[in-house]
Amino acid sequence: MPDQQELTDISYFPGCSLATSAKESNQALVRVCRNLGYRLVELKDWNCCGSSSAHSIDSDLAFRLTSRTLSLAPEGMPLLVACPSCMLNLRQTQIRLETDAAASDDFGQRWQRPVDGNLKILHLFELLDKESDQFPDAALSGLRFVPYYGCMLAGPPSLRNEKSYYGLMQKILKRCGAEPLPWNESAKCCGTFLSVSSPEVVEPMVNRIVQSAVDSGADCIVTACAMCHLNLEIRCTLDTKVPIFHFSELLALAFKFDVDRSWFSRHLIDPVPMLKKKGLWP
Amino acid sequence: MKKMSSEKTKRAIFKPDVAFGNEVVRRSGDNFRRCLQCLCCAAGCPVSHAMKYRPNGIIRLLQLGYKKEALESPDIWLCVSCHTCSDACPMAIDISAMMDALRQIAIEEGVQISEPGILNFHHEVLNSLRRYGRTHKLEIMMRYKLRQRDFFSDMEVGLKMLTKRKLDLKPSRIEDPDQIQKLFSKSLT
């Protein structure tokens with residue numbers, strides 16, 4: 001692990017899910033980044049990006065919520081975001097601020113600072129990709145997984161030229177000795193907020209995803225998103241289930257951190273028996 | 001052939017609402033009229049199994065000027081903005097932005113909302129944001145259930161999440177909620 005002095009500071013927007021219901025994934029990713037040489041400095045007093053609800057029923061509010069968060073980003077360092085949905089909301093606002101003069105005037109008057117044209121919003125996957133040769137060989141040998149990106153791979157036409165991270169989870173986990181298996185559902189949506197309001201719509205979606213993972217013979221599903229993780233756990237009604245991990249949790253296991261047992265006791269499907277069977281429990 | 005009465009003729013001819021289509025274009029910042037009805041969106045849409053018209057069907061309604069049918073459809077509420085449709089769309093239409101526009105017009109015009117539960121959920125998320133600046137999942141779920149007068153469904157899931165400490169009892173909140181309060185009004189002060 002690098003010395004304190006060698007760490008590079010990056011500002012960090014965790015978002016509501018990682019800050020609360022998925023704090024185990026958050027702790028894992030903060031530690032993984034530290035191991036890779038980055039200190040994540042949480043954005044002071046950040047607010048919710050508006051999730052799906054703000055843009056659904058009030059586009060102006062959605063813009064103001066994300067613009068407040070962007071106004072808090074310190075100059076001279078990138079802003080790291082791990083949640084695919086927050087990333088999308090923040091990037092869409094950033095693009096609007098770059099292209100819409102009225103929007104950037106509103107920003108300037110409201111937050112008493114100009115739009116930072118140099119701010120780089122960095123997705124966690126971009127950082128991991130850059131540091132991919134630092135991951136330990138063979139640390140996860142024997143683990144067979146299916147990668148689940150959810151809707152992270154899709155974006156509105158305005159973001160068509162963004163980087164695509166499809167394949168990154170396979171690339172890094174393969175390096176760590178795990179084996180990715182082919183399956184059909186890596187880019188299927190988990191149902192997001194309909195999980196609360198319309199479980200009858202989400203159940204067949206989730207069951208189809210989990211069934212496909214079971215059929216593939218995988219030991220676990222690896223997700224890129226904390227909300228996908230939760231939905232796959234709470235809305236699956238199949239008898240046979242598979243453990244689900246946030247990508248960052250498997251990376252923490254690969255680095256053989258003295259993993260906090262409480263991370264996995266917060267999973268609704270207990271992954272510990274599978275990890276023990278595979279000889280991966282530290 | 002018997003001549004139709006003028007009253008009947010009037011009813012038989014459907015007048016497309018062109019202004020409505022233009023309003024959707026203005027709000028969404030994109031022109032749905034490019035749609036070729038290739039159905040790539042419907043094929044990819046993860047919630048099309050629960051929809052009445054599916055994404056291309058909604059666009060067809062707009063192309064033909066069927067305002068009421070589009071605004072009162074469940075589809076505009078079931079869309080979760082996962083962008084799978086626009087990713088697959090050969091004309092790169094921002095279907096998610098179009099759905100945002102339709103939802104907001106439906107609210108403003110006070111039409112019959114066919115999925116009031118979903119709208120209630122969105123209101124509860126925004127209420128939580130107004131109070132704390134962040135979402136507090138437990139409170140959103142409880143208030144949503146109260147609004148829906150639905151006290152028993154999902155009890156098991158809720159309890160499981162509580163015992164696994166997936167739901168925090170106290171909200172994560174920002175230091176100055178007044179700042180967020182201001183964001184809920186258009187004015188700058």
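At-a-glance table
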{"item": "Subset of segment A:206-240 [buried (at least 22 other Cβ atoms within 10 Å of the Cβ) and basic (Lys, Arg)]", "result": "A:235"}
{"item": "Qualifying residues in segment A:189-202 (those that are in a loop (DSSP other than H, G, I, E, B) and without any contact (Cβ under 8 Å) to a residue 40 or more places away in the chain) - the one farthest from the other protein chains (Cβ to nearest Cβ)", "result": "A:198"}
{"item": "Out of B:75, B:94, B:100, B:87, sole residue that is buried (at least 17 other Cβ atoms within 10 Å of the Cβ), farther than 30 Å from residue A:265 by Cα, in contact with an Asp or Glu (Cβ under 8 Å, 6 or more places away or on another chain) and touching a residue at least 24 places away in the same chain (Cβ under 8 Å)", "result": "B:94"}
{"item": "Residue match in segment A:147-156 (condition: touching a Phe, Trp or Tyr at 6+ places or on another chain (Cβ under 8 Å) and more than 14 Å from every other protein chain (Cβ to nearest Cβ))", "result": "no"}
{"item": "Matching residues in segment B:107-119 - criterion: being more than 8 Å from every other protein chain (Cβ to nearest Cβ) and either closer than 20 Å to residue A:198 by Cα or of a type in the set (Val, Ile, Thr) (or both)", "result": "B:111, B:112, B:113, B:114, B:116"}
{"item": "Residue tally, condition more than 7 Å from chain A (Cβ to nearest Cβ) and farther than 13 Å from residue B:175 by Cα, over segment B:131-142", "result": "5"}
{"item": "Qualifying residue in segment A:34-42 (condition: outside any helix (DSSP H, G or I), within 14 Å of another protein chain (Cβ to nearest Cβ), within 26 Å of residue B:168 (Cβ to Cβ) and at pLDDT below 95)", "result": "no"}
{"item": "Tally of residues being over 24 Å from residue A:72 (Cα atoms) and either over 30 Å from the mean Cα position of the chain (by Cα) or facing chain A (nearest Cβ under 7 Å) (or both) across segment B:162-176", "result": "6"}
{"item": "So residue B:78, is it away from every other protein chain (no Cβ under 13 Å) and of a type in the set (A, V, I, L, M)", "result": "no"}
{"item": "Qualifying residue in segment A:174-185 (condition: within 14 Å of another protein chain (Cβ to nearest Cβ) and either under 20 Å from the mean Cα position of the chain (by Cα) or not basic (Lys, Arg) (or both))", "result": "yes"}
{"item": "Unique residue being in contact (Cβ under 8 Å) with a residue 40 or more places away in the chain and over 18 Å from the mean Cα position of the chain (by Cα) when the list is A:56, A:67, A:85, A:51", "result": "A:67"}
{"item": "Subset tally (residues that are within 10 Å of chain B (Cβ to nearest Cβ), assigned to a loop (DSSP other than H, G, I, E, B) and surrounded by fewer than 19 Cβ atoms within 10 Å (Cβ to Cβ)) for segment A:258-268", "result": "1"}
{"item": "Verdict on residue B:137 being crowded, with 17+ Cβ neighbours inside 10 Å, under 26 Å from residue A:72 (Cβ atoms) and free of Cβ contacts under 8 Å to residues at least 60 places away in the same chain", "result": "yes"}
{"item": "Residue within segment A:207-225 that is within 11 Å of another protein chain (Cβ to nearest Cβ) and closer than 20 Å to residue A:265 by Cβ present", "result": "no"}
{"item": "Which listed residue, of A:41, A:32, is under 19 Å from the mean Cα position of the chain (by Cα) and more than 22 Å from residue A:150 (Cβ to Cβ)", "result": "A:41"}
{"item": "Where residue A:99 falls short, out of the listed (1) β-branched (Val, Ile, Thr); (2) in contact with a helix residue (DSSP H, G or I) (Cβ under 7 Å, 6 or more places away or on another chain); (3) within 11 Å of chain B (Cβ to nearest Cβ)", "result": "(2)"}
{"item": "Total residues in segment A:10-21, condition at pLDDT 85 or above and either in a helix (DSSP H, G or I) or out of contact with any Pro (no Cβ under 9 Å at 6 or more places or on another chain) (or both)", "result": "8"}
{"item": "Set A:109, A:92: member being of a type outside the set (Lys, Arg), within 14 Å of another protein chain (Cβ to nearest Cβ) and over 21 Å from the mean Cα position of the chain (by Cα)", "result": "A:109"}
{"item": "In segment B:150-189, the residues that are among the small types (Gly, Ala, Ser) and loosely packed, with under 12 Cβ neighbours inside 10 Å", "result": "B:185, B:187"}
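The values are calculated or read from the model by the stated rules, or taken from the named source; none is laboratory data. Since the model is a prediction, treat every value here as computed from it, not as a measurement. Note that we place each Cβ from the backbone using ideal geometry, even for glycine, and neighbour counts take in every protein chain shown.
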